[in-house]
1. I'd like to verify a number: residues in segment 105-124 that are within 17 Å of Ser63 (Cα to Cα) and modelled with pLDDT of 90 or more, how many?
2. Out of all the residues in segment 200-242, which are in contact with a strand residue (DSSP E or B) (Cβ under 6 Å, 6 or more places away or on another chain) and touching a residue at least 40 places away in the same chain (Cβ under 8 Å)?
3. Conditions first: (1) surrounded by 21 or more Cβ atoms within 10 Å (Cβ to Cβ); (2) touching a residue at least 40 places away in the same chain (Cβ under 8 Å); (3) not assigned by TED's automatic domain parsing to the domain that holds Arg92. Ser134 passes all but one, so which condition is the exception?
4. Looking only at residues in segment 44-98 that are modelled with pLDDT of 85 or more, surrounded by fewer than 14 Cβ atoms within 10 Å (Cβ to Cβ) and of a type in the set (Lys, Arg), which one is farthest from Phe120 (Cα to Cα)?
5. Restricting attention to segment 182-200, and to residues there that are among the small types (Gly, Ala, Ser) and within 30 Å of His211 (Cβ to Cβ), which single residue is surrounded by the most Cβ atoms within 10 Å (Cβ to Cβ)?
6. If we scan segment 127-145, do we find a residue that is closer than 22 Å to Asn77 by Cα and either assigned to a loop (DSSP other than H, G, I, E, B) or of a type in the set (Lys, Arg) (or both)?
Amino acid sequence: MLFLHSGYTRHQARLGTTSEYGAPDAFGPFWIVSGYLQVFTAASLTLAHSWSSAHAAGSLIQSAINRDGSELRLVSNINKSEERKSVDVLYRKYTKDPLRLLGNFELPRDSPERGRAHLFDWDRDGNYEVQIISECGAGPNCEGVLYRLDKPSGKLIAFFNTGGADVQLIDGHLVESARDNCCSWVANAYKFDANRYLVKPEPAFTITIEHLGDSRAKAPVMCTFSIETTQGQQIIAPPAKSFLRLCRHYGEKYVVAKK
């Protein structure tokens with residue numbers, strides 16, 4: 001278990017176990033509000049070279065065209081006799097090519113509200129990633145995994161385990177925001193490895209946006225940038241102005257905590 005912040009944890013997902021799937025949320029590529037946070041186990045991937053005709057009766061969930069013209073699709077399948085469901089991740093480089101199966105996520109049918117799957121261009125580079133969402137919290141925090149397509153190998157690669165409510169790219173960092181408690185949000189900023197292929201396991205720094213609850217205050221929101229040290233949390237200056245937009249989460253005036 002990776003401790004991110006008070007009240008906000010994320011479990012490291014493992015391939016070869018099971019997850020759950022549901023239809024995309026009507027409000028876009030983020031998470032729904034439901035019960036409580038539980039430990040997430042990532043969906044098992046079954047790689048294949050072509051999409052079997054046995055899957056042809058599946059229902060299309062979502063399709064997306066990447067910047068290079070290639071296509072990704074999500075197709076759901078339900079086996080009523082075995083009371084199982086799954087989602088296929090399909091890919092083709094050109095529109096005239098046959099669809100190829102990249103992965104199959106087998107999911108239990110007991111609770112359709114517990115999981116989500118969708119295509120999500122989180123960094124807005126024109127290339128879509130596959131997001132599998134498992135348990136959701138009271139927040140809107142949800143646990144899941146972002147998979148990206150490694151085109152040279154033709155495989156899906158799990159590159160980030162999510163545990164919050166939003167993932168975005170800011171100043172070269174993957175930033176995940178999460179509701180920490182009733183009156184504060186936490187955003188963890190992660191660096192990438194040298195090839196920008198995987199996300200480093202520990203956040204480079206954290207932004208805490210706390211509503212102080214005083215409507216009469218000139219700035220009722222405190223925005224704190226900090227890093228983890230051997231002596232605990234240490235306040236730092238904002239690494240870049242672009243991160244200050246996170247301080248406007250509550251739509252009210254804010255002050256940045258000083259070192």
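The values are calculated or read from the model by the stated rules, or taken from the named source; none is laboratory data. No experiment lies behind these values; they were computed from the predicted model shown. Because the Cβ atoms are built from the backbone with ideal geometry, glycine has one as well, and the counts that use them run over all protein chains shown.
1. 5
2. Selection gives Pro203, Thr206, Ile207, Thr208, Ile209, His211, Ser242.
3. Of everything listed in (1) surrounded by 21 or more Cβ atoms within 10 Å (Cβ to Cβ); (2) touching a residue at least 40 places away in the same chain (Cβ under 8 Å); (3) not assigned by TED's automatic domain parsing to the domain that holds Arg92, Ser134 misses just condition (3).
4. Only one residue fits best here, namely Lys96.
5. Top of the filtered list is Ala187.
6. The answer is yes; a qualifying residue exists.
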